[in-house]
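See structure below.
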Amino acid sequence: MKVSCLQENLVKGLNYVSRAVAARTATLPVLTHVLLATDGGRLKIAATNLELGINCWIGAKVEDEGSITVPARPFSELVGLLPTDRVELDLNIRTQTLRIQCGRTDNNIKGIDAQEFPIIPAFDPAGAAFIDAGVLKKMIGKVVFAAATDESRPMLTGVLTKLEDDNITMAAADGFRLSVCNGKLKEPVADPRSILIPAKAVAEVARILGDQEEPVAISVTPSRGQVLFHMQNVDVVAQLIDQRFPDYQPIIPKRYDTRTIVSTADLLKACRQASIFARESSDTMRLKITPNDDAEPGKVTITARADETGDNESQLEANAVGIGVEIAFNVKFLIDVLSIIDAPQVALETTAAKSPGLLRPVGDESFLHVVMPMHLPR
């Protein structure tokens, strides 16, 4: 293999695949490596930890075809320190050593035969669903934060993704909150499907998307065990979670006694202030809603107390219709969801102190978030 490419493109490609490199304690040493291979006049860079695999292609001048795997960490560190110039990669097949030349630097890194690198499935457009990159990125941002990080319940560490007709629905929950977001596909899919994708993989797709404008293809491998996101010059492949995601429809409140509309930015700011004092009380924040009356508009009073630090109270003007209610939430959960709502106003629908609250961006029916209440402090 003998190829040359721009240092900045090589850095970018390595950054794309970096999250798929296995930890140094991996049982297979090749999983701590990145694959470098010529492919159709381009340089292919790939990494996999067997749960997540990423293929990336960058422009290159190919003189001789070939492939090699090199240790990901030292190679990435080296490339990052090279001059912003053309990088020459020359493989000695006999010794499996890659020579890296750039400017006045000359380096050699020993690798492992590329035949030992696991196969990462290639994209097949047959049966794929296509979605605007911006729509997908926004949907991921609205649900992925609600997925569980505790591996004791694997089904909650994933993002349920449903594809039906020209609709896509993503949902994530951790047992204390639920996010559901709906979007539109570029065209209807022939076969409806429901897959559970690891949240880490979905977050990786959002990171790679960046400012991409080309549509993203979502396909399931023939074995039905993996999902593939095909982007511009990058493919992300992830093992699906082979468990059933809980039926979340019964969790979504179907009625409310109080609907409160308040400024998203003001509520977020008040929650951030309350979080300073809520840390000592399991992040508990008290929220008191006073409905509108003939004389004045409604209001939302947010309080948090810490025995050692002090206390906080914020009052927000609101359009509150219904009955007065006091309810407690985990303030971090509210900060998480308010941070991803881009509508100027948010509606909070409540019934009682011990019932979940439902948040919706005003004017946006594609997203909802359910948050369970906490014990109301005295």
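Observations on the structure shown:
- Filtered by the rule that a residue be more than 23 Å from Arg207 (Cβ to Cβ) and not in a strand (DSSP E or B), the stretch 38-73 gives Gly40, Gly41, Ala60, Glu65, Gly66.
- Failed condition for Ser282, given (1) over 30 Å from Ile54 (Cα atoms); (2) among the small types (Gly, Ala, Ser); (3) in contact with a helix residue (DSSP H, G or I) (Cβ under 9 Å, 6 or more places away or on another chain): (3)
- Residues of the stretch 82-121 that are touching a Leu at 6+ places or on another chain (Cβ under 9 Å), under 27 Å from Glu51 (Cα atoms) and assigned to a loop (DSSP other than H, G, I, E, B): Gly111, Phe117, Pro118, Ile120, Pro121.
- Qualifying residue in the stretch 80-98 (condition: under 27 Å from Ala201 (Cβ atoms) and either surrounded by 15 or more Cβ atoms within 10 Å (Cβ to Cβ) or outside the structural domain of Tyr16 (by TED's automatic domain parsing) (or both)): no
- Considering (1) farther than 21 Å from Val362 by Cβ; (2) hydrophobic (A, V, I, L, M, F, W, C); (3) not in a strand (DSSP E or B), the lone condition that Met285 does not fulfil carries the number (3).
- Filter result for Val180 (closer than 24 Å to Met155 by Cα and surrounded by 18 or more Cβ atoms within 10 Å (Cβ to Cβ)): yes
- Enumeration of residues in the stretch 293-315 that are of a type in the set (A, V, I, L, M, F, W, C) and either crowded, with 17+ Cβ neighbours inside 10 Å or farther than 21 Å from Arg259 by Cβ (or both): Val300, Ile302, Ala304, Ala306
- Residues satisfying the stated conditions in the stretch 262-297, i.e. closer than 26 Å to Lys354 by Cβ and touching a Pro at 6+ places or on another chain (Cβ under 8 Å): Thr264, Ser281, Thr284, Arg286
- Condition met for Ala20 (in contact with a Gly (Cβ under 9 Å, 6 or more places away or on another chain) and either within 17 Å of Glu116 (Cβ to Cβ) or among the hydrophobic types (A, V, I, L, M, F, W, C) (or both)): yes
- For the stretch 84-115, taking the residues that are of a type in the set (Asp, Glu) and out of contact with any Ser or Thr (no Cβ under 6 Å at 6 or more places or on another chain), the one that is nearest to Leu31 (Cα to Cα) is identified as Asp113.
- Listed conditions (1) of a type outside the set (Asp, Glu); (2) within 30 Å of Ile168 (Cα to Cα); (3) surrounded by fewer than 16 Cβ atoms within 10 Å (Cβ to Cβ) are all met by Val21, apart from (3).
- The requirement of being closer than 20 Å to Ala238 by Cα and touching a residue at least 12 places away in the same chain (Cβ under 8 Å) is fulfilled nowhere in the stretch 180-189; no residue meets it.
- Among residues of the stretch 122-133 being modelled with pLDDT under 95 and of a type outside the set (Gly, Ala, Ser), the one that is surrounded by the fewest Cβ atoms within 10 Å (Cβ to Cβ) is Pro125.
- Of all residues in the stretch 19-30, one or more are within 24 Å of the chain's Cα centre (by Cα), modelled with pLDDT under 95 and assigned to a helix (DSSP H, G or I).
- Here the condition is being buried (at least 17 other Cβ atoms within 10 Å of the Cβ) and either touching a Cys at 6+ places or on another chain (Cβ under 6 Å) or not assigned by TED's automatic domain parsing to the domain that holds Leu136 (or both); of Val362, Val325, it holds for Val325 alone.
- Residue match in the stretch 134-145 (condition: outside the structural domain of Asn55 (by TED's automatic domain parsing), of a type in the set (Val, Ile, Thr), surrounded by fewer than 17 Cβ atoms within 10 Å (Cβ to Cβ) and within 19 Å of Glu51 (Cβ to Cβ)): no
The values are calculated or read from the model by the stated rules, or taken from the named source; none is laboratory data. All of these numbers come straight from a predicted model, not from anything done at the bench. Note that we place each Cβ from the backbone using ideal geometry, even for glycine, and neighbour counts take in every protein chain shown.
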